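Notes follow the structure.
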Amino acid sequence: MDRKYFFNQHAKEWDFTRHPEEEVRLERVVMLAEIQCGQSVLDVGTGTGVLIPHLLRAVGPSGSIVAFDLSHEMLNAARFKGFPCNVKLIEADVHDAPFQDAQFDRVICNAALPHFNNKVRSLREMVRVLRPGGVLVVSHPIGREAVNKLHREVGGPVEEDRVPPPDVMSVLLASVNLIDVEVIDEPEFYLARGRRP
């Protein structure tokens, strides 16, 4: 069973397995992304679109959100939520993102990076579509150890999917030419960010 099949199979019950306190932590993710009204945001690995309501409040009606995922069933669950017309949902692979260079003001990859086969290539694609001065955020609102433990317990294709420790994540972000790199590694919150020069 590959990851795409895994997420397709789990899409219907996905939202029911989330921690209620995640909503507050997702607000923190958006705040730390420094999103401003009217900006364009790319939501990488959106899943069922859990981050989208928070992004919508930040960008306002004049902003835009493009959210993509490899799993069509996850996207179907997101579509069922009836997001407004300034949200576009796309089925795509992060390793070959179907977007123009320097298209987005902010790129957020929430709870998805460990599932990407080639983390450096996926991060390069995220930086490629980011405008100069734009911010890339990689987040895990339940914390690094909790994510890693969950993946070990679930097993299957996600068993070895790990959130990198801060030193490794800092090197990864610097290797794709991001500056002002910062990693927050708290017991119940993980976020890494950097800025494209």
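The values are calculated or read from the model by the stated rules, or taken from the named source; none is laboratory data. In this text the structure is predicted, and so the values were computed from the model without any measurement. Note: ideal-geometry Cβ built from the backbone for every residue, glycine included; neighbour counts use all protein chains shown. Protein only, heavy atoms only, side chains kept; ligands, DNA and RNA dropped before computing areas. Shrake-Rupley method; radii C 1.70, N 1.55, O 1.52, S 1.80 Å.
Consider residue 117 carefully, then state whether it is open to solvent by 60 Å² or more (accessible area, probe 1.4 Å), farther than 17 Å from residue 196 by Cα and modelled with pLDDT under 95. It would help to see each step written out before you state the result.
Numbers: open to solvent by 60 Å² or more (accessible area, probe 1.4 Å): yes; farther than 17 Å from residue 196 by Cα: yes; modelled with pLDDT under 95: yes.
Here the answer is yes, as residue 117 does meet what is asked.
Somewhere in region 133-145, is a residue modelled with pLDDT of 95 or more, within 19 Å of residue 183 (Cβ to Cβ), open to solvent by 70 Å² or more (accessible area, probe 1.4 Å) and part of a helix (DSSP H, G or I)? No, region 133-145 contains no residue that is modelled with pLDDT of 95 or more, within 19 Å of residue 183 (Cβ to Cβ), open to solvent by 70 Å² or more (accessible area, probe 1.4 Å) and part of a helix (DSSP H, G or I).
Residue under question is residue 56, and the condition is that it be at pLDDT below 95 and crowded, with 18+ Cβ neighbours inside 10 Å; does it hold?
On the way: at pLDDT below 95: no; crowded, with 18+ Cβ neighbours inside 10 Å: yes.
Criteria not met by residue 56.
Among the residues making up region 148-164, a single one is modelled with pLDDT under 75 and under 22 Å from residue 32 (Cβ atoms): 148.
Of the residues making up region 88-112, those that are open to solvent by 20 Å² or more (accessible area, probe 1.4 Å) and among the hydrophobic types (A, V, I, L, M, F, W, C) number 5. Of the strands (runs of 3 or more DSSP E) entirely within region 7-112, those holding at least 1 residues that are of a type in the set (Asp, Glu) and more than 26 Å from residue 143 (Cβ to Cβ) occupy 87-91, 104-110. In region 173-184, the count of residues that are in contact with a Gly (Cβ under 8 Å, 6 or more places away or on another chain), among the aliphatic types (A, V, I, L, M) and open to solvent by 70 Å² or more (accessible area, probe 1.4 Å) is one or more. On the stretch given as region 162-197, residues that are within 15 Å of the chain's Cα centre (by Cα) and part of a loop (DSSP other than H, G, I, E, B) total 3.
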